[in-house]
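Okay, structure first, notes after.
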Amino acid sequence: MSTTPRIVSRRRVLIVDDHPFVREGLKQVIEQQPDFIVCADVSSIAEALRAIKKLRPDLALVDLSLDESSGLDLIKQIRDEERQMPILVLSMHEESLHTERVLRAGAQGYIMKREAPEQVLKAMRQVMKGRCYLSDQMTGRLVRRYISRRNQPEAEHSLVGQLSDREAQVLQLIGQGHRRGRIADLLHVSVKTVETHCQRIKEKLGLHSADELRQHAFLWAQQTAPSGPAAKKHR
């Protein structure tokens with residue numbers, strides 16, 4: 001008795017990364033799979049939003065660091081316009097520094113770019129099933145942190161937890177040596193808004209001067225900077 005092979009519907013993937021080499025590598029790996037196909041690969045938030053509106057992808061792979069913008073901003077805008085589409089962050093930044101913020105923004109998972117292609121595909125398939133994907137180490141860390149917060153509700157939060165997403169962006173840009181006018185340009189806000197963020201950062205961190213703010217910002221930028229050759233682009 002003959003049988004007809006079952007046809008698997010390939011899920012459409014949107015890749016958002018400002019490195020053309022990374023996008024091409026991901027595209028080659030993904031399109032070798034029977035269950036995925038890349039419908040678009042783009043480098044900016046504006047391009048990503050246009051592709052989502054036009055192509056209605058089933059899954060978005062989003063880099064956390066985009067040219068002059070943040071993947072967090074894109075995730076939030078996607079959630080405003082397309083609440084059902086799974087989002088997986090694929091980043092060179094250390095997951096322990098950003099995972100909670102990414103999940104709060106609305107992504108379903110976080111995986112490091114240093115992981116093997118097979119692990120990236122596993123993460124993609126997991127979030128497509130409606131599950132959250134994190135490394136075993138990060139999952140354990142979040143569980144322990146949750147238990148600790150339940151047992152010690154008055155304990156201080158980490159630096160990441162104290163700042164809003166925008167405040168964290170401002171702090172990192174200060175640490176990278178940008179002046180307030182340039183930060184305003186990069187974030188598409190007024191200089192006065194940047195100054196307000198700086199004042200709130202100082203209040204939350206207990207800082208008393210611009211010099212203290214610059215010192216803490218430098219340490220923050222060093223802590224969150226990606227390592228390795230690819231880090232040169234994100235100086």
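Data for the structure
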item: Hits in the stretch 108-126 - residues which are β-branched (Val, Ile, Thr) and either open to solvent by 10 Å² or more (accessible area, probe 1.4 Å) or at pLDDT below 90 (or both); result: Val120
item: Test: residue in the stretch 90-107 that is small (Gly, Ala, Ser), surrounded by fewer than 22 Cβ atoms within 10 Å (Cβ to Cβ) and at positive phi; result: yes
item: Residues located in the stretch 8-18, provided they are part of a loop (DSSP other than H, G, I, E, B) and more than 18 Å from the chain's Cα centre (by Cα); result: Val8, Ser9, Arg10
item: Count - residues of the stretch 188-204 that are open to solvent by less than 90 Å² (accessible area, probe 1.4 Å), of a type in the set (Lys, Arg) and out of contact with any helix residue (DSSP H, G or I) (no Cβ under 7 Å at 6 or more places or on another chain); result: 0
item: Selection from the stretch 48-68 of residues that are under 21 Å from Arg182 (Cβ atoms), open to solvent by less than 60 Å² (accessible area, probe 1.4 Å) and in contact (Cβ under 8 Å) with a residue 40 or more places away in the chain; result: Ser65, Leu66
item: Flag for Ile45 being at pLDDT below 95, in contact with a helix residue (DSSP H, G or I) (Cβ under 6 Å, 6 or more places away or on another chain) and open to solvent by 10 Å² or more (accessible area, probe 1.4 Å); result: yes
item: One residue from Ile37, Ile78 being among the β-branched types (Val, Ile, Thr) and within 13 Å of the chain's Cα centre (by Cα); result: Ile78
item: The stretch 12-42, residues that are open to solvent by 40 Å² or more (accessible area, probe 1.4 Å) and in contact with a helix residue (DSSP H, G or I) (Cβ under 6 Å, 6 or more places away or on another chain); result: Val29, Cys39, Asp41
item: Residue within the stretch 141-155 that is modelled with pLDDT under 85, open to solvent by less than 80 Å² (accessible area, probe 1.4 Å) and not in a helix (DSSP H, G or I) present; result: yes
item: Residue in the stretch 127-135 that is open to solvent by 10 Å² or more (accessible area, probe 1.4 Å) and modelled with pLDDT of 90 or more present; result: yes
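The values are calculated or read from the model by the stated rules, or taken from the named source; none is laboratory data. Since we're looking at a predicted model, the values are computed, not measured. Every residue, glycine among them, receives a Cβ derived from its backbone with ideal geometry; neighbour counts consider all protein chains shown. Note: areas computed on protein heavy atoms with side chains; ligands, DNA, RNA excluded. Shrake-Rupley method; radii C 1.70, N 1.55, O 1.52, S 1.80 Å.
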